[in-house]
Amino acid sequence: MAARAGAFARLALANVTREYPNAPAHLIASPDELVPPRAYHPAFYGAYDWHSSVHMHWLLVRLLRRYPEHIDTGAVTDALDAHLTPEALAAEAAYLRAHPSFERPYGWAWLLALTAESTALGVERWSAPLTDAARAAAGLLLAWLPKATYPVRHGTHANSAFALGLVLDSADAAGFPELTEPVVDRLRTWFLDDHGAATRWEPSGQDFLSPLLCEADAMRRVLPRHEFARWLTDFLPELSASRAPDGSGDAPAPAL
């Protein structure tokens with residue numbers, strides 16, 4: 001990673017400062033709303049779409065924290081100083097609250113991840129306004145989870161297991177431990193009874209994630225080790241259906 005840190009930083013910098021092309025997920029209700037992307041998103045206007053911009057900012061902060069000697073810290077700091085301002089992030093938070101389904105839940109998860117990474121870096125001028133913005137995402141998540149009867153299972157950004165797994169990785173470090181219990185409860189409600197999945201179902205024509213692996217990866221975060229082993233055997237029976245070397249029968253399930 002260290003050898004590639006400079007290239008990753010240059011890529012992220014190019015993305016977060018480039019406003020076009022842009023794919024805004026904004027429902028235009030009147031001609032007055034035909035405005036440049038940065039009018040709605042003064043912090044996260046670049047990188048093609050909102051969640052990608054948040055993700056690229058996360059990458060910059062992570063590189064600054066872990067590989068500062070391998071990147072242009074001045075250029076990275078200048079970009080973060082320009083974008084992660086109290087005013088810009090207050091505008092982002094206001095937009096989220098005004099559009100409660102925007103980037104739900106994948107973009108929210110990346111905002112929490114960015115906040116967690118910034119908090120770990122310890123730069124108060126970024127982490128404080130990010131925490132204020134992430135509070136909007138946390139509130140929206142808590143309001144949405146009880147109403148989310150069914151998960152999204154396809155292998156794209158909207159995959160529910162993938163996004164909520166990222167939330168679990170970030171919630172405590174971002175300063176929102178109250179998210180953990182309801183996220184764990186929702187994942188167990190959605191997926192605990194799943195069984196008999198087949199890898200031949202994947203991929204679909206739009207997948208860039210494996211829905212089955214996303215689900216398993218989320219459940220390993222919420223189930224005790226031995227309970228997860230039993231769940232995984234039921235969920236993906238193909239894992240324990242391989243033939244023994246002599247072809248005489250099924251090999252035992254691998255120990256987890």
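Please go through the range 50-66 and pick out each residue that is touching a His at 6+ places or on another chain (Cβ under 9 Å) and not hydrophobic (A, V, I, L, M, F, W, C).
The initial filter retains those residues of the range 50-66 that are touching a His at 6+ places or on another chain (Cβ under 9 Å), namely 50-51, 53, 57, 63.
Those that are touching a His at 6+ places or on another chain (Cβ under 9 Å) and not hydrophobic (A, V, I, L, M, F, W, C): HIS51, SER53, HIS57.
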- Query: Since GLU87 meets every condition but one in (1) free of Cβ contacts under 8 Å to residues at least 60 places away in the same chain; (2) not in a helix (DSSP H, G or I), which condition does it not meet?
  - Reply: (2)
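Having 2 or more residues that are small (Gly, Ala, Ser) and at negative phi is the bar; report the helices (runs of 4 or more DSSP H) wholly within the range 1-77 that clear it.
Values: elements: 5-16, 37-40, 50-66.
So the answer is 5-16, 50-66.
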- From the residues in the range 12-22 that are touching a residue at least 12 places away in the same chain (Cβ under 8 Å) and surrounded by 11 or more Cβ atoms within 10 Å (Cβ to Cβ), which one is farthest from GLY74 (Cα to Cα)? ASN22
- Task: Answer yes if at least one residue in the range 124-147 is assigned to a loop (DSSP other than H, G, I, E, B) and either open to solvent by less than 30 Å² (accessible area, probe 1.4 Å) or of a type in the set (D, E, K, R) (or both), and no otherwise.
- Result: no
- Could you give me the residue pairs with C-beta distances under 9 Å whose first residue belongs to the range 200-229 and is under 15 Å from ARG188 (Cα atoms) and among the aromatic types (Phe, Trp, Tyr), whose second residue is open to solvent by 40 Å² or more (accessible area, probe 1.4 Å) and part of a loop (DSSP other than H, G, I, E, B) wherever it lies, and which are 6+ apart or on separate chains? PHE228/LEU256
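Can you tell me which residue is farthest from PHE102 (Cα to Cα) among those in the range 28-45 that are touching a Phe, Trp or Tyr at 6+ places or on another chain (Cβ under 9 Å) and in contact (Cβ under 8 Å) with a residue 12 or more places away in the chain? Steps first, answer last, please.
Step one: list which residues in the range 28-45 are touching a Phe, Trp or Tyr at 6+ places or on another chain (Cβ under 9 Å), which gives 33, 36-41, 44.
If we keep only those that are in contact (Cβ under 8 Å) with a residue 12 or more places away in the chain as well, we get 36-38, 40-41, 44.
On the way: PRO36: 17, PRO37: 14, ARG38: 16, TYR40: 12, HIS41: 12, PHE44: 13 Å.
Applying the filter and picking the extreme gives PRO36.
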- For residues that are in contact with a Phe, Trp or Tyr (Cβ under 8 Å, 6 or more places away or on another chain) and crowded, with 22+ Cβ neighbours inside 10 Å, scanning just the range 160-182, find the one that is farthest from GLU92 (Cα to Cα). ALA161
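The values are calculated or read from the model by the stated rules, or taken from the named source; none is laboratory data. Note that the structure is predicted; figures quoted are calculated from it, not measured. Please note: Cβ atoms are built from the backbone with ideal geometry, for glycine as well, and neighbour counts cover all protein chains shown. We work out accessible area using only protein heavy atoms, side chains counted, and drop any ligands, DNA or RNA first. Shrake-Rupley method; radii C 1.70, N 1.55, O 1.52, S 1.80 Å.
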